[in-house]
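Here's the structure, in structure tokens; my notes come after.
The values are calculated or read from the model by the stated rules, or taken from the named source; none is laboratory data. Every value quoted in this text rests on a predicted model; they were computed, and no experiment measured them. Cβ placement follows ideal geometry from the backbone for every residue including glycine, while neighbour counts extend to all protein chains displayed.
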Amino acid sequence: MAPAGSPTRLLCIVPISTTRMTDDLRRAYGSPSPSSSPSSSPGPEISFLDGRGLADCPPCIENAAQAEQSTRAMLPRVIAHIAAHKPPDGVLVCCFSDHPLVHALRELFSAGTGTVTGTVGFGVVPFVTGIFHAALREASQAGGRFGIVTTSRAWGPPLTASVADLGFGGASAGVAPTGLGPLELESLERHVVVDRIAACARPLIDDGATSIILGCAGMTALEGDILRALPPDIRTVDGVRAGIDLLSRLVWETKATLETGAVSRTEDVKMKSICAVQSTEVTSNSEQVLC
């Protein structure tokens, strides 16, 4: 882990072979932004890694089999990338799901051996989370209820179950699939996609949602237009931004704790389950997948 006062290094993984989503995220978050930590330290340095050029990496993730496939394809690339660069302080998997790559990386880093998993710097392995988990946490902390607008209709029930399984069901106003595939978020006319997302959000708002979670990393580039299409008192939650903010704060608190010997404030159980480095089976909960 980089010393306190130096930029936090984050690695954002887009576990698909198509590149436009990565390019959109790089434009949105690739430049250093103001730090979300309570200190004056610089914003995070964010690098991006995807499955471009990998013949066995799917172009998008619309089912559990593709999630497993993308994990098998991406894990060797992630290991090689980390081995060839400075180890990141945090890793964010940019697929709106309980993606098995999150669990695979937690298991890898928790092993504590080898050139990739060995402790570095302060002796702390990277935090790992996914945009799905980070978005749920941010939305629930904002108060009020939240709703999720997602892509394929097939994932409404599994995603609803995932929200409940992670302990956020009481704050959820529901899940509204748009019926659009992840790649259609890019290929269709922008106004068509935004109008569909806004229309799907309205029943959630009518049911009490004050926050709308964007249920795909491909919606990040559309957030401004989506927000303008919603009532003025409704906020949007982008899981990529939520993940970057969460990881940045966790890294800052860890650096401060290690430098001063002070005990950082206790995180709630949900954060620990979201970001704690723990040994988990690669296939755990992989049936609940949506990109």
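For the range 159-173, a residue qualifies if it is crowded, with 18+ Cβ neighbours inside 10 Å and not in a loop (DSSP other than H, G, I, E, B), and the qualifying residues are Leu159, Ser162, Val163, Ala171, Ser172, Ala173. The condition of being under 23 Å from the mean Cα position of the chain (by Cα), more than 30 Å from Met74 (Cβ to Cβ) and modelled with pLDDT under 95 holds for only one of Thr266, Thr254, that being Thr266.
Among the residues that make up the range 89-101, is at least one of them part of a helix (DSSP H, G or I), modelled with pLDDT of 90 or more and outside the structural domain of Cys216 (by TED's automatic domain parsing)? Yes.
The sole residue among Ala173, Ala154 that is modelled with pLDDT under 95 and under 19 Å from Cys200 (Cβ atoms) is Ala154.
Can you find even one residue in the range 151-158 that is of a type in the set (Val, Ile, Thr) and in contact with a strand residue (DSSP E or B) (Cβ under 6 Å, 6 or more places away or on another chain)? No, every residue in the range 151-158 fails to be of a type in the set (Val, Ile, Thr) and in contact with a strand residue (DSSP E or B) (Cβ under 6 Å, 6 or more places away or on another chain). Residues that are touching a Leu at 6+ places or on another chain (Cβ under 6 Å) and modelled with pLDDT of 90 or more: does the range 224-239 have at least one? Checked against the condition, which is being touching a Leu at 6+ places or on another chain (Cβ under 6 Å) and modelled with pLDDT of 90 or more, the range 224-239 yields at least one hit.
A Cβ distance below 8 Å, combined with a sequence gap of six or more or placement on separate chains, defines the contacts here; from the range 96-120, residues that are under 16 Å from Ser70 (Cα atoms) and of a type in the set (Phe, Trp, Tyr) reach residues that are surrounded by 15 or more Cβ atoms within 10 Å (Cβ to Cβ) and modelled with pLDDT under 85 in the pairs Phe96/Leu290; Phe96/Cys291.
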